[in-house]
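Following: one structure in structure tokens, then a few remarks.
The values are calculated or read from the model by the stated rules, or taken from the named source; none is laboratory data. The structure displayed is predicted, hence computed values, not measured ones. Cβ placement follows ideal geometry from the backbone for every residue including glycine, while neighbour counts extend to all protein chains displayed. With ligands, DNA and RNA removed, areas are computed over all heavy atoms of the protein, side chains included. Shrake-Rupley method; radii C 1.70, N 1.55, O 1.52, S 1.80 Å.
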Amino acid sequence: TSRPHRLLWRWGACITLKNTGSQPLEDLQKRRPYRARTLSGKELQLIHDETVGPWDTTMGSVRIHFPSTLFHTGFLRIPSLLWLIFLLIPMVVTLILGQLLLRMLLLIIASAALISSVLWIAFYWMSSRTSLARRHRLFREKLQRLHKTRVLKSCPRGPERAITIGQVGQLYEFFQSFIKDRSMYYICSNLVIPVTEDCKLSYAELVGPRQVNWFVSHYWGTPFQEFVAAVRHNAKSDGAVDWQSTAYWICTFSNNQWEVEAEVGHSWEDSSFFKTLDCEDCCGTAMILDDEAMPLTRAWCLFEVLQTKEIKNKRPDFEGLWLCTSTGVLHEGKAGVDVALHLAKRLSTLRLEDATASVQKDKDMIDLLVSQMPGGFDAMNRFVKSNIAEALRHMNEAFKKEFNMIMNSLGEEVPCVSHNSILSTATSLDVKHVQVDR
């Protein structure tokens, strides 16, 4: 907590969370309130009967339920109820002793109460401005200095609301001490929504929107620092000299988080996702993968893969699906070998038809779209596996090239035996059976 919580006992207080920016965290208390366990003067552990998390926030407030406040809060380790009793005792005494003394005592108590109220309000106002809230203000002031002449205005949904990797990096570096290993869920609720509260626009419109170069498909649960590293690798591998100016359409930043329903549209053809992917300026899809390939377990990411496949068939210049990790881009052969092999093993058994969605109707809509395309889910599974197989071939070539360079630098003769360690692993994972759709 940003100020002392004043809880006296280790267990027992019922509390309510407000304005945390995490709707699941607040929805859970509607069924049963949280109970607080005191860890220190500014630390509380929330206890709930149901499974909680992982939900991160550094915003909001804690309200202690009445009458718990009388027993569980206080000053100088004395419960509030006892303080009330101490105040009532002199009043009872003065009633017995006489009217003049009563008036004097009431005046003293009223004056003390007024002064205490003013001090408490001032203290509460100062402490309610948390370090993150102050950081929000400094960030907005920084943006105002950078864009003195630019007038904030909305732009059409879709490809015109991309954001450069340089702009993503500025956000990460400014709030790095708060972000730590947190995910995009935290970025959206604790950073994007608060800093866009005044203008009610998307984050891209706030910092300066760009025309899209790449569409980003990702899982919100990936740590943001890994997400940034993966996108940077993609920008550098794209061959641009000024790679920090490469513009990416990232739903968290490109969608207006104050009008999410409008961004989804009335149909999938009207969604911001499809409008961006279908734009001629979009040269490919960068999928940000973790070790477990979590994006491919989410229905909306499956929708993005489907549209990527369809556009690839229509546009020869479209780069298609690029698999990016925090260690590098697999298609460039620059990612960690252990990461590539782990992903290959994971994808060899992954079934896209098992992908889930927070809203069942979204999954039903996406499943229907996939089933209506030639080959259905089998074709989609082959498409994804063909991409990882192609990536492994690039990794194998890069490995052999680097191996030969090291051997030559050591003055050693390069063995004639081909170094097929990566491809042999791919074969053992049944990647050799992948058929590439042309």
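Average projected area of the Cα convex hull of region 345-404, in nm²? Over all viewing directions, region 345-404 projects a mean Cα-hull area of 5.2 nm².
Ranked by the mean number of other Cβ atoms within 10 Å per residue, highest first, peptides 399-405, 284-290, 356-362 order as 284-290, 399-405, 356-362. Remark: for residue pairs Lys153/Lys236; Lys153/Lys200; Lys180/Lys200; Lys42/Lys200; Lys42/Lys142, the C-alpha separation exceeds 22 Å in Lys153/Lys236; Lys180/Lys200; Lys42/Lys200; Lys42/Lys142. In region 136-262, the alpha-carbon atoms span a convex hull of 105 Å³ per residue. For region 242-319, the carbon plus sulfur part of the accessible surface works out to 47%, probe radius 1.4 Å. Across region 357-371, rounded Karplus estimates of 3J(HN,Hα) from the backbone phi angles (6.51 cos²θ - 1.76 cosθ + 1.60, θ = phi - 60°) give 9, 5, 10, 4, 5, 5, 4, 4, 5, 5, 4, 5, 4, 5, 5 Hz, Gly and Pro being marked x. Karplus-based coupling profile of region 170-179, in residue order and whole Hz: 5, 4, 4, 5, 5, 10, 4, 5, 9, 5, with θ = phi - 60° in 6.51 cos²θ - 1.76 cosθ + 1.60 and x standing for Gly or Pro.
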